[in-house]
Structures are given as structure tokens and as C-alpha cells.
Amino acid sequence: MERWDWTWKQPYRALDPFFYRDSEPSSVSAPTVEWLNESLIRSYDWPLEQLASSEGTRLLAGNAFGSMLQPYAQAYMGHQFGHLTMLGDGRAVTLGAVETPFGWKEWQWKGSGRTPFSRGGDGRGALGPMIREAIMSEAMHAFGIPTTRTLAVVQTGEEVHRGVPLAGGLIVRLATSHVRVGTFEYAYHYGSDERVKELANWMMQQYDSDLLETPEVALSQFLERTLERQATLIAQWQGVGFIHGVMNTDNASIVGETIDYGPCAFMDVYDADTVFSSIDHQGRYRYRNQPAIGGWNMARLLETFIPLLGATDEEGVEEAQRIASMYERFYERAWLKMFGHKIGIEATEDDRPLIEALLQLMETHKLDFTNTFRALTEQEFEEAAFETPAFQEWKRQWLARIGEKVEQAVAWMEQVNPVVIPRNSYVEEAIDEAVRGNWEDVERWLEIVREPYTKTTLNEPYRSAPHDEEPFVTYCGT
Ligand code: AMP
Ligand code: MG
């Protein structure tokens, strides 16, 4: 029996078993913890020595839950590329939540073997995509964008078969909550209005308990907050050129964290039609579409609440539409704040043409998204495109808009314009190396992404994209 120096709780088990199935991780033969997130462990006041010990390895590999607590797989549905399907955790189990100075965090093992929701899948993961999730999620966190975190990357010592044999891996990831839009879709379609209400009340008790003080308006306010969090999250993604790649409703977290890193990637050259995912043939989840898809996902959430939002269906629809119409406002506000700060101003609607003109120039001249904003931040205009009359005119207007407040402008820009992003080709090469056994570059990247807003000798070689001949393609992380 393992004794851990911290306390688990399983708040999700207060819900009816309709919402989950008991499920054990299948043990793996020769696990090695290839990366342990020491800085996270320290910031959470968790015992590093115990997690780094051989006992910790057994826990992180999913080999030593013992009779401690019964892990579970969550049930959910999802609109995948627009089509509703029953899903559920097919390759993940959650053990419970542990307290941190930032609230309770759920521990989920992803790639831990088959569950009652696995359908035809093996429940496992390949090592490469797991490393990718670690790098991307830690980068998002360092950017200041809400996200699940990666506690550890474990090589299982076993192979997975994806057409070819690949090294197997799993991660332990942490989330404030793993409840998705798809969890509500499941409550609604497989359950009842009562199940939707049960889940919503539970979510409020856990994360928005202040709302329960005014029960008459609690549900509407809970939904408004959920929309605001989602809209703000997506505005932040846009601000760093992050393309999630699979914005299905099962990958939209209710608490507004970035979740389920699959074929996601950061944009190099600015092009609003950028899409990386090999399975996104229509470009449904391209950069330009992300805000609207976020709104579409929120509409799917709101639909499940219609019977609860009014005495009649008509009233319910009306209230759901009222809330839905707020999404765009939330998004516009967050976008203006983000892109305003990216050019050093507190933007209002009147500043939109100035911001959009810059994006247009970037698109015309095929400028790097990240580095263009850095050029503005540092006032170093090296690209030939910056010599063009159009850009010179833009710059004149921009400097006039900033006026005297240069110091404040630079301070804002330095907070939201990264020096370095995990650029696709570099990260891919590093992951390939790690899968071959050399972890040096992956470890370096996990260090680099920690400090994205400062120029360091560590990030110096990686500030520009290598010149690829082929457009970058990402594959679903299975
Ligand atoms: P994702 O693309 O990671 O959001 O996964 C979509 C759905 O497929 C979820 O229900 C996953 O649990 C399930 N899934 C993905 N990979 C596997 C796998 N290797 N075995 C079983 N289920 C999987
Ligand atoms: Mg998913």
C-alpha cells in the first residue's frame, strides 16, 4: 500500500455513476519517467522527492494505484467535425484531485490502456504525441494562457501499433476540470434535463460557488461565464498564433482551459487560413475559424440547457439565444485587449482598423507572426517589407496613436509578444530524437518554453523558423 504525502479527493464521484465508469489503468512492463515537471511540482508545493522516487515512477506509470482510490473514465459525447458521437475517455483515467495553492487539480493518466469507452482503440498512446503535448501545454502555461499541464512524460517500454510499431508513452496531465461541452451533450442526449442540471450544479459547487447564492439566475450566469472564458481563451490563442486543430465539442473545456493537444501547432508566417492537421481536409479548424467555432461549440452547450432556461420551450430558446449573443461581445472585447496590447495600446473599437491593417500587411508580405510583433516591441525593423511605403505609413499612424505613452506601450507589448514559440520543425526534430533515445533537445525545449517573453542565450538559435520546403502537417495524437 502506497502512502503519498498529499491528500486525494474524488469530487467527481459525488455525481451519479451515469457520468463515469470505474476503470483501472493497465500496467506497463518497463516504465521510465523521461520527464518530470519539477518546476510545476515546486510551484504546487508537492513533494518532489517522493514523485521522483521509484515509488513515484510506479504511480506515474499507472502501475501502483493499489487499493488507494478507484480511478474512473469519464463519459462524454462530442461533435466531431460537426457530427455528434458517443465518446468518453477511451484512453485515459482520472484518479482524483490534489490541492495546490491555485486550487484542486485533477490527475489524469492519458494513454493508460483500454477503458469501457475504448471502442476499437488500444487505449494507448505513442510516445511522440505525448512529448508534444508536454511541450505545447507548458508553452501555453508560460504564455499565461489557461491550459491543462503536464506533470510527467512516461515511456512505457511497450510498443503501440499505428500501421508501424512505435514507442509507447503516456502522460499524467493536470486539469482544473475535465468536464467538456461534450459531457453536457452526453447528460442531455443519454440522460435527461435533470442530469444536465445535476452536472451544472456540481460544476458551480466546485468552481463557481458564488453563483449559488442567487439560484434564480445561477444557471444563466454560469453559462455566461462559461462563454466568456471560452471566448477569452480563443482570443488568447489568436494572440500567439496557436491553432488547436481539433476544436470538437469534446475538446472544449467548460472551465476554459486549453485541453487535448493533438495536431495543434503555432503559426510561423501569418496566414489566417493556416491549418496544420492532416485530418482537417476542409480547413474547418483553421486559424481564421477558431473564434466562430468556439461560438458554435457554445451554442451546442446552450442547446442542452434550453429546457432548464425557461418555463416553456419558447422561453428557454429565447434565454439561450440571449446568452449565445454575448459570445461575440466577449470575444471582441478579449481580442481588442490582446491585439491592442500586442501593438502597445489600450484598444477600443476605433483601433480595429489599425490592428487589421497590420495583419493585412503581414499577410501580403508573408511576415512571421511572432517576429513581426517582436520587431514592433523592440523597434527593430530588419525585414525589407518594413521599408515599403505602406508599412511606413502604418508605422506613422501607429506611433501617432501611441503618442507619449511609449513606456507603457513597451511594457504591454513585452507581456504578450513572445520572443520564442515552440516552432514546428524544431519541436518535431527534437521529438524524433527523443523517440530514438536522445532526450537532450526535448529537455532543452521544455526549458526554452518556460521563459517565452525574454531573450536568452537558450532561445537565441530558435527565434526564426527554419526555411521549410514542405508545409508543416500535424497528425492526431493517438
Ligand atoms: P481525441 O482525438 O484525443 O480528442 O480523442 C477522441 C476520442 O477518441 C476520445 O474518446 C478518446 O478517448 C478516443 N481515443 C483516442 N485515441 C484512442 C486510443 N488509442 N484508444 C482508445 N480510444 C482512443
Ligand atoms: Mg479529446
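The values are calculated or read from the model by the stated rules, or taken from the named source; none is laboratory data. Note that the coordinates shown come from a computational prediction; the quantities given were computed from them, not determined experimentally. Glycine gets a Cβ as well: all are built from the backbone with ideal geometry, and neighbour counts include every protein chain shown.
At a glance:
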quantity	calculated
Thr115 being among the β-branched types (Val, Ile, Thr), modelled with pLDDT of 95 or more and within 16 Å of ligand 2 (Cβ to nearest atom)	yes
Residue under evaluation Phe373, criteria (1) surrounded by 19 or more Cβ atoms within 10 Å (Cβ to Cβ); (2) touching a helix residue (DSSP H, G or I) at 6+ places or on another chain (Cβ under 7 Å); (3) in a loop (DSSP other than H, G, I, E, B); (4) not aliphatic (A, V, I, L, M), criterion not met	(3)
Residue satisfying condition, being within 15 Å of ligand 1 (Cβ to nearest atom) and of a type in the set (Gly, Ala, Ser), within set Gly256, Gly245	Gly245
In segment 40-74, the residues that are within 24 Å of Val179 (Cβ to Cβ) and not in a helix (DSSP H, G or I)	Tyr44, Trp46, Gly62, Phe65, Met68, Leu69, Gln70, Pro71, Tyr72, Ala73, Gln74
Selection count, segment 238-276, where residues are away from ligand 2 (no atom under 13 Å from the Cβ), of a type in the set (Gly, Ala, Ser) and part of a strand (DSSP E or B)	1
So Glu383, is it of a type in the set (D, E, K, R), surrounded by 14 or more Cβ atoms within 10 Å (Cβ to Cβ) and free of Cβ contacts under 8 Å to residues at least 24 places away in the same chain	yes
Breaking point among (1) farther than 30 Å from Ile431 by Cβ; (2) away from ligand 2 (no atom under 16 Å from the Cβ); (3) crowded, with 24+ Cβ neighbours inside 10 Å, for Phe184	(2)
Count of residues meeting criterion [aliphatic (A, V, I, L, M), in contact with a Gly (Cβ under 8 Å, 6 or more places away or on another chain) and away from ligand 1 (no atom under 12 Å from the Cβ)] in segment 119-147	2
Long-range neighbours under 7 Å by Cβ, at least six apart or interchain, first residue touching a residue at least 60 places away in the same chain (Cβ under 8 Å) and under 27 Å from Trp109 (Cβ atoms) within segment 259-287, second among the aromatic types (Phe, Trp, Tyr) and within 16 Å of ligand 2 (Cβ to nearest atom)	Pro263/Tyr475; Ser277/Tyr285; Ser278/Tyr475
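Per-residue answers, yes or no, for (1) within 25 Å of Arg91 (Cβ to Cβ); (2) more than 16 Å from ligand 1 (Cβ to nearest atom); (3) in contact with an Asp or Glu (Cβ under 9 Å, 6 or more places away or on another chain):
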residue: Thr183; (1), (2), (3): yes, no, yes
residue: His189; (1), (2), (3): yes, no, no
residue: Glu213; (1), (2), (3): no, yes, no
residue: Glu224; (1), (2), (3): no, yes, no
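Yes/no matrix, rows are residues, columns are (1) under 22 Å from Ile145 (Cβ atoms); (2) touching a residue at least 40 places away in the same chain (Cβ under 8 Å); (3) not basic (Lys, Arg):
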{"site": "Arg423", "(1), (2), (3)": "yes, yes, no"}
{"site": "Asp432", "(1), (2), (3)": "no, yes, yes"}
{"site": "Val435", "(1), (2), (3)": "no, yes, yes"}
{"site": "Glu443", "(1), (2), (3)": "no, yes, yes"}
{"site": "Thr454", "(1), (2), (3)": "yes, no, yes"}
{"site": "Phe472", "(1), (2), (3)": "yes, yes, yes"}
{"site": "Tyr475", "(1), (2), (3)": "no, yes, yes"}
